[in-house]
Amino acid sequence: MKIWKPTLAQIVVTVAQLAVGTVPAHAERTAITPVHITGALTTAGLRVTTGQVESLSPMTSSEPNPKLTATKVEALDANTTKVRLQCERTDVCLPFYVLVHWPEGLQRDPKSITQPRILLEPLMVHNGKDATLIFEGQNMRMNMPVLCLQNGVRGQRIRVISKDRKKVFLARVTGPGTLTAAVTN
């Protein structure tokens, strides 16, 4: 019988995930590999190799091959960049940071580092601000006032909550202060 001997960081992450309800206690976890991370950074506009990426802690997700998004880039010095990554769906993994080490020959000016495309797009909805959620179905269209629980750019899926604070929805940002959710039978 194999006994799991977790590190303190793994215990803290697991407890945090259970506390906020992002993962059921019985869920199988899959490691987020450097290949996943490198793919997300390349999609965001940072051309890196797996050798340049340093994970600050081992990260796992509740499903294999999670869709990762770079949400923040910060230059620490001329050769190191800190990037915040998160899963597109918040119930799949917690946000985490990685370091990108640039080769010595490529002395990078911290101000010239390419920012991820998602950061270059203007925010259409803002955390804590009112918005309109449009439910669309085959023969129906209904508007509902909601409160945004996250910032979002066009096309991004974010969480919103009803004005009476009783129901949370996952909706796609479609424009300034506007989100849509599909209604299926």
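FYI, it's all coordinate maths here, none of it is from the lab. What you see is a predicted model; the values in this text were computed from it and never measured. As a convention, Cβ positions derive from the backbone with ideal geometry for all residues, glycine included, and neighbour counts pool all protein chains shown.
Brief remarks follow.
- Extension reserve of the ASP130-GLU88 stretch, reckoned as 0.36 nm per residue once the Cα distance is removed: 12.9 nm
- Sites ALA78 and ARG165, calculated FRET efficiency, Cβ-Cβ separation with R0 41 Å, nearest 0.05: 0.30
- At an R0 of 25 angstrom, the distance between the Cβ atoms of VAL153 and ALA31 translates into a FRET efficiency of 0.30.
- Residue-count net charge about VAL98 - beta-carbon cut-off 12 Å; Lys, Arg +1, Asp, Glu -1: +1
- Extending 7 Å from Cα along the Cβ direction at THR180 and again at THR43 yields two label points whose distance is 2.1 nm.
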